[in-house]
1. Based on this model, can you work out whether residue 471 counts as within 28 Å of the chain's Cα centre (by Cα) and at pLDDT 90 or above?
2. What single numbered condition from (1) aromatic (Phe, Trp, Tyr); (2) open to solvent by 20 Å² or more (accessible area, probe 1.4 Å); (3) within 24 Å of residue 21 (Cβ to Cβ) fails to hold for residue 77?
3. Mind telling me which of the residues 222, 153 ends up being of a type outside the set (Lys, Arg) and either touching a residue at least 60 places away in the same chain (Cβ under 8 Å) or part of a loop (DSSP other than H, G, I, E, B) (or both)?
4. I need the full set of residues from region 6-51 which are in a helix (DSSP H, G or I), without any contact (Cβ under 8 Å) to a residue 24 or more places away in the chain and over 25 Å from residue 235 (Cβ atoms), in order please.
5. Tell me which residues, restricted to region 288-305, are within 21 Å of residue 271 (Cβ to Cβ) and part of a helix (DSSP H, G or I).
6. Taking region 306-327 on its own, how many of its residues are assigned to a loop (DSSP other than H, G, I, E, B) and buried (at least 20 other Cβ atoms within 10 Å of the Cβ)?
7. Please go through (1) assigned to a loop (DSSP other than H, G, I, E, B); (2) under 26 Å from residue 124 (Cα atoms); (3) of a type in the set (Val, Ile, Thr); (4) under 27 Å from the mean Cα position of the chain (by Cα) for residue 166 and return the number of the only condition it doesn't satisfy.
8. Any idea how many residues of region 185-219 are touching a Leu at 6+ places or on another chain (Cβ under 7 Å) and not in a strand (DSSP E or B)?
Amino acid sequence: MLGYQLTINAQRSPRTEALAFGARRYTYQELNDRACRLANALAGMGIGRGDRVATLLHNCNQFVEALFAAAKLGAVFVPINFRLVAGEIGRVLDGCLPRVLLAGEAFTDVLTDLDARPSFPACVLRVDDRVDADSGGNDPYENLLARHPPTEPAVNVGTDEILLLIHTSGTTGVPKGAMWTHGTTLFSCTAKIIDLALTAKDATVVFGPLFHAGPLADLALPLLLRGGRVVIGPSRQFNPEQLIQTIADQRATMVAAYPTMWRRVLAEVPDVSKFDLTQLRLLFTGGETIPVPVLEGVYASFPDAGFVNTYGSTEAGPMSTLLPTEDRVRKIGSIGRPAFGVEIRIAAENGCALGPGEVGEVLIRSPFVCRGYWNRPDWTAEALRDGWWHTGDLARRDEEGFIYIAGRRKDMIKSGAENIYPTEVEQAIATLNGVAEVGVIGVPDDEWGESVAAFVVRDAGASIDAARVIAHCREHLASYKKPRHVLFVDSLARNTTNKVDKNALRRQFPLLAGADERCNGEMQASDRQDAKT
């Protein structure tokens, strides 16, 4: 089904540029021809409906071609996180048992380590996924395409058939493959086309890794279905100035980036006015909570572009809510209201809806919630109940229906009789001059059960200390919410999806806890008294 939409675009706009990667440029006709050639090559290997087609690729045009080729066959596309080590990749292979793997040249050593694994596919197609690679000559991938015709596969794919397995960055060490059907993917893309007013004249630049749900499904896939233009940027190492330069050179009208990427743009490209960004109409972010100072910095640096803050997940859809440009200042820090086609309930533990101002779990019901976890009905039954996806995220609604994330349910800190939400503390600390990044966790406390620990990354040259951080929190938060421990680190541990790894911070805490002992000793008596009042 989804593969046929590319066919339609090739018929409607055969000479319109669809995809760019380095010096390569492909029109919709050319992209569809290449996807059909690959689909016919895979079919010749016996790949068909329901078979898994895995990729281990950096961002490249071949990634997109493989996705559409699998879609045309009714096969299941499985993009693997190239940042994983061999053992982690092996667990993904064990779970999905792919028939074929398309692998980039940089992964030769990884493939050698995996070769003896029973789940290692019998067929491995080598792909030169370098941005400066020559797409002709002796390239085995190009030769494979050349040997097969660009005819459409005669496969009728239904909306309920599985299209994608997107693996989450879960904390259990066991990868969870979220199942996206053709229908859920198409509806998710359609919702973005409607909410973001995408047109065939729009163009985007993708710098985030395409194996993630966000970079793939936020703008890239919706624009390809809409008939727009997608420029694929390199994913091996993020370069903020290269991103802005590419936006200017490619006359991009919109771009999506993670909060950490926007933070680096502000730090490393302080004057974006030297670039010609007159075509840029929309900036987009999501994936994790974005600190208010970063939002304010982006607004100031890109005053002529709209900015949409979103909330989503691999399982419930990359864009479940959005905060539109017109509300970005009035409701700063909010993730907005439900996106097109989405129902959201802020629920108590019994599943009942809570009123404005009350913090509860975010439950989502929509046509683009995933169908559950691949081969794990137990995990699916736990998360998907009575038609609602239980996200594990905590949030509150205000009187106008705007939603504010409080943090992960498993990360909530219980200190004495009080619930403390890490996101609220992080947002407060982030407003202190000299703080570059902050991560907050709960740590064991003999008297209160748990207390707040803040891991702080200073701006270069900043001289803030623990006492200043705690004093700042006392000014902006109820006293019981301020950290009892402030640990200064060079960087925050992050997981493979670039989110702050709270489990890694918990493991790190015992090793660093003595660093803030003097400050804690000085403030302990007043802190305990404050917590009792």
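1. no
2. Evaluating residue 77 over (1) aromatic (Phe, Trp, Tyr); (2) open to solvent by 20 Å² or more (accessible area, probe 1.4 Å); (3) within 24 Å of residue 21 (Cβ to Cβ) leaves (2) as the failure.
3. 153
4. Hits for region 6-51 are 8, 10, 11, 29.
5. 293, 294, 295, 296, 297, 298, 299, 300, 301
6. Residues that pass the stated criteria total 3.
7. If we test residue 166 against (1) assigned to a loop (DSSP other than H, G, I, E, B); (2) under 26 Å from residue 124 (Cα atoms); (3) of a type in the set (Val, Ile, Thr); (4) under 27 Å from the mean Cα position of the chain (by Cα), just (1) comes out false.
8. 11
The values are calculated or read from the model by the stated rules, or taken from the named source; none is laboratory data. Being a predicted model, the structure only gives us computed values, none of them experimental. Backbone-built Cβ (ideal geometry, glycine too); neighbour counts: all protein chains shown. What goes into the accessible areas is simple: the full protein's heavy atoms, side chains included, and nothing from ligands, DNA or RNA. Shrake-Rupley method; radii C 1.70, N 1.55, O 1.52, S 1.80 Å.
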